[in-house]
1. Starting from the 7 Å offset along Cα-to-Cβ, what nm value, one decimal, do you get for the label separation of B:Val223 and B:Leu252?
2. Hey, in the GNM for chain B with a 10 angstrom Cα cutoff, which one of B:Thr184, B:Thr84, B:Thr67 fluctuates hardest?
3. Just how many % of Cα pairs in segment B:151-224 lie over 14 Å apart, if you round to the nearest whole percent?
4. Kirkwood hydrodynamic radius of chain B from all distinct Cα pairs, in Å?
5. So what's the back-of-envelope 222 nm ellipticity for chain B, counting only DSSP H runs of four-plus at -39500 (n - 2.57) apiece and dividing by all residues, rounded to 500?
6. Trypsin sites (Lys or Arg not before Pro), restricted to segment B:160-266: which are DSSP loop and have at most 16 other Cβ atoms within 10 Å?
7. Using a Gaussian network model of chain B whose springs link C-alpha atoms within less than 10 Å, name the residue from B:Ile40, B:Ile53, B:Ile235 with the highest mean-square fluctuation.
8. What FRET efficiency do you get for A:Leu88 and B:Met142 if R0 is 35 Å and r is their Cβ-Cβ distance, rounded to the nearest 0.05?
Amino acid sequence: MTIIYVFASNVLTKNLLGNAETQIVSSSGSTDFFLVTSEGLYVFNPGRGSTPLLIRNFPSLQKISVHPSDSSKIVLAGSSRLDVCKHLNTDLLFCNRFSLPTNDPVTALKYAGDGSIYVATNKLYGMSDQGPKVFPMLAEVRYFELSSAISPLPTSLTQLFWMENIIRQTLQQLIGLL
Amino acid sequence: VTDTLAIGTPTKLWRYERQPGQSTPTYHFYRVNGLIDAAITSLKFDSNGVLYIGNKEAMNFQNPDLTFKRIGGGPGGIPYGNITAIGTSQISNSVWLGSTYGVMKYDNGTWRYFNGPRYLTDQAFGPGNSIFALAVGVYNGMDSVLVSTGTGLSWFHFLSVSLDDKATFFQTLVKPYHDRFGLTASAGLSNWGDMSSFYLQSSENDGLWTGMYLASQALRYAVTKDPDAKREADIALEGLELLNNVTGVSGLFARSVLNQSNLPVRICFHILIIDSINTLFFFFFFFFFF
């Protein structure tokens, strides 16, 4: 007879992660977890019994988002900084670094399936090739979510949040490096 | 397929949608303290487009047709409020929720609640029971959930084990941590979470646990004929004999015994509480199988 247990392992103490609250995301199709800490980005695979590995030094890192259909693409955001990265293997990450137009804490971040990047601070801050915009009706954004079926965005939203060209350029550069 | 952007603020849930063929999105908003009980603390879409909304009072969810459902407290309801994080399974309809006091799993109307040092990184009521973040992945074809707490990380995963594996796991803990004069005794830890700091304790249930352990070894021997099972049963029986003999009255069981000092030369036992029906029951159970 076989029974199924929920088993919990306490895997490490907070001292190893710094003193910040962490965000955790899992990537589809992989058993890896990404951990956001006050030091930067860790990758961690508890099933392999490994210890978390720091793969991106980013002292003000606040949020991460993984592309919904390509777990090698991740975006990181912190105070006034946005890193668009490609995760090549367990311990290798190539990133291009951009400036965010605000020092306010990033409250939410999302990599959409069409390559767009959504960024929220205490106000819903949009990134576009015309510069930053604020959507005052949506002040004090704390959380946002995208349905998984996102395709190219409607014009009004695209103008607010669009960074696709920047990302494409970044990935082309990365591919060139390889 | 509808493209949807859901946005939570302290006062509203905004929802932007673009239906197929539409060039501009439509939007809706729902006021907090209306359909949603309180300020939104977490949002998550599952793969079916259902939006889960957490707050301090309840878990709400909104279907793709924009209807809401609320699961608050009470019988069959959410075990605990104050939701801080939501994750959805990649392989089932399960929803995992972090709160300021533990982790919850919701699966088609059934709740499970995980709290305290068995699952999290702290003693009961400590900051390690408060969940900061949570993510759901896959491990061995089942959910794998990593949570961060006030004191560390905890990884929830599922194991398929046989009853024999389960028995073997617990068997390995008995001899090194719970054997006190042959009794199956309670053990404490001087340093929380540090197994090497264990110490044996006397309790009024020593006879009960020993009787149960004796019965388990009798059953084990009956099935496996493993000589180790008989050895373990003999040791437990000697522990029960000690409880019987130490009172000086034949047939009258002590609930526990305690060594007066650590001196090995002369052992003097204090009888704590006598008379244990449970112990007698397992004592006779043992003889039935042998």
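Derivation of every value follows stated rules applied to the coordinates shown; laboratory data play no part. Keep in mind that this is a model prediction, so the values were computed, not measured. Heads up, the Cβs are rebuilt from the backbone with ideal geometry, glycines too, and the neighbour counts pull from every protein chain shown.
1. 3.9 nm
2. Maximum fluctuation in the GNM of chain B, among the listed residues, is at B:Thr67.
3. When all Cα pairs of segment B:151-224 are counted, 70 percent exceed 14 Å.
4. Its Kirkwood hydrodynamic radius stands at 23.2 Å.
5. -7500 deg cm²/dmol, from helical runs alone.
6. Listed in order of number, the matching sites are B:Lys225, B:Arg266.
7. Residue with maximal mean-square fluctuation among B:Ile40, B:Ile53, B:Ile235: B:Ile235.
8. 0.80
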